[in-house]
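The values are calculated or read from the model by the stated rules, or taken from the named source; none is laboratory data. This is a predicted model, so every value here is computed, not measured. Methodologically, a virtual Cβ is constructed for each residue, glycine included, from the backbone with ideal geometry; neighbour enumeration extends over all protein chains shown. Protein only, heavy atoms only, side chains kept; ligands, DNA and RNA dropped before computing areas. Shrake-Rupley method; radii C 1.70, N 1.55, O 1.52, S 1.80 Å.
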Amino acid sequence: MSAPRGKAASPFRQPKAVWAVAFACVISFMGIGLVDPILPALAESLDATPSQVSLLFSSYLIVTAVAMLFVGWVSSRIGAKRTLVTGLAVIVVFAALAGATGSINGIVGFRAGWGLGNALFIATSLAVIVASASGGFSGAIILYETALGLGIAVGPLLGGELGGISWRGPFFGVAALMAVALIATVAFVPDLPKPKRVTSPLAPLRALRHRGLLTMGIMALLYNWGFFTMLGYAPYPMELEAHELGLVFTGWGLLVAAFSVFFAPRLQARYGTAPVLYANLLGLGIVMAVIAAGVTEPTTVIVAVIVSGAFIGINNTLTTQAVMLVSPVERPVASSAYGFLRFIGGGLAPYVAGKLADATDLSVPFYLGAATFLLAIPVLASGHRLLSRAETDTGGEETMAPTLTPVGAPAEAGVPPVVVAVGARSEAAAVVDAAARLARDTASPLEIVHVRQTAVVEEQATETETETEATAAVTAHLDRLGPLGVAATGQILTGVGDHAAAGRALARHATEVGARTIAVGRSSRGPLAQFADGSFTSALTHAATCTVVLVDPDEEPRPLTARSLTQLRAEAR
């Protein structure tokens, strides 16, 4: 939560290891959109029906789904780097084989192998980027999100350009680019320590016994059914060449990226996860119904598909947030269980849609996709109470809601403390010391709250630091302040979600303990990042019932208001 004075650190100032994995992420996120522009060309060149071509989605996604159950076990046994490298190598081999084959069955089979590599890669890429970041995890996460957005947006464009030359082009393009990423990963990513405990391959299936996780997983299955129905069949009624299809899906991808990274967190902060998802799923259902009704009008389908990108971007982000909020299991296990159900829905949809289209007409699969979006609403509603409680309260044992864990001696009851919020940053000690001077001057005890966040991007979630590391950081602050005669106690605030959610959670805690003042350091994330996932300081200032002050080691504490926050952002630019 603190940073040196002056300009915010650039998220792009990262070691080579982070850049190597980020490049691989761009290529991986291109994967789906890359093949969409060539679907009609595949059908024509290989004398295949749309339902046969759609199986390249089914084989890819079903294998990815099943593999998600085992990647945690594999990674815990061989380590994150080796898992990542193995996934990249598998993608290179099977993407090249898919480009070299001469039959649709061959492509479908090799895409299954590609799905295995994809599961190994996506399950470890975010964790590796966070672990390799030397300049703080916030910048690394921003880079990961940038890679995601770039891959989603550029994938269809590159697929359209290469597909305009030959349908084999996108497959060989992925193989070549992933080979570069593989070499860079081997060369620059250091070996990372293995987890202390081996994850059971059955752990994700056992986790589905928890009502909250199962509910959100089924909702994601239904959502992905509609989503991949659209991806698999929308290119045909557009009646466009590969290059033109690439441009259409690039527009779609730009909206997915923008609404996923920038707008979804802000809508979540303003209205809550569940209400935004209800409205979003309804919007997707309407868009799919428009495609179904206008399936004979290419312009209608084109516009509807592009518009759907906004809804899909919001859903991709908030569904994962919801899963992590209501899952009372370890983050990697919850992510694997959710990924299994999510990809199963995506894999079955193109196969069923093809059968329906062959038996009836092309509008029926889209109507079914619209129905699955709408059916996801009552499924989500059945877990509404769990999700709302996880966002606003302690959540109990059935959620992973924000929790506070005491460190050190308990605080003296009835004495209003000065609360200081810090994170896992090198400048945290200076901010705590400045807050300690404020506490001493007002004859107040000091409560140090170390904010420990879980990074959530797309379907992945990873801890930014272990509980042991967070406890050690708080203990170090307490040990340093003890000889100085400052009465201090510590807390670890563990939460899932964006920075704004953590700010609101801290404000609630400060109200409960009757805090005299809340002290925070200057944010290092910059105005763009704060707009993307919300500002911790802004949310804290608006929700707190006591004074919030900005502490700099060499300046007098300054009370924060909406006006002063605007000035701080201007200074950060």
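Amide H contacts of Thr199 (H built 1.01 Å from N, in plane; Pro and chain starts excluded): Ser76 sit under 5 Å, all sequence-distant by 5 or more or on other chains.
Stretching the chain fully between Glu241 and Leu202 yields a gain of 9.5 nm (0.36 nm per residue, less the alpha carbon separation).
Restricting the calculation to alpha carbons of region 150-214 gives Rg and Dmax of 19.4, 50 angstrom.
Taking max minus min of the alpha-carbon positions on each principal axis, region 253-304 gives extents of 40, 22, 9 Å, largest first. Where does the Debye-calculated log10 I(q)/I(0) of region 239-371 sit at q = 0.11, 0.19 Å⁻¹, using only Cα point scatterers of equal weight, no solvent? Each listed q maps to, in turn, -0.47, -1.23.
Inter-label distance, Glu512 to Arg77: 4.2 nm, where each label sits 7 Å from its Cα along the C-beta direction.
Averaged per residue, region 271-347 has 26 square angstrom of accessible surface, using a 1.4 angstrom probe with ligands and nucleic acids left out. Extension gain for Glu412-Ala443 works out to 9.9 nm (0.36 nm per residue, less the C-alpha to C-alpha distance). Once you order the gyration tensor axes a ≥ b ≥ c over the Cα atoms, which shape class does region 44-84 get: rounded for a/c under 1.5, otherwise prolate or oblate by comparing a/b with b/c? Since a/c reaches 1.5 and a/b is larger than b/c, the shape of region 44-84 is classed as prolate.
Judged by the gyration tensor of its Cα atoms, with axes a ≥ b ≥ c, region 137-265 is oblate; a/c meets the 1.5 cut and b/c is at least as large as a/b. Taking all protein chains into account, the per residue accessible area for region 76-125 stands at 30 Å² (1.4 Å probe). Surface calculation, 1.4 Å probe, protein heavy atoms: Arg77 sits at approximately 130 Å² accessible.
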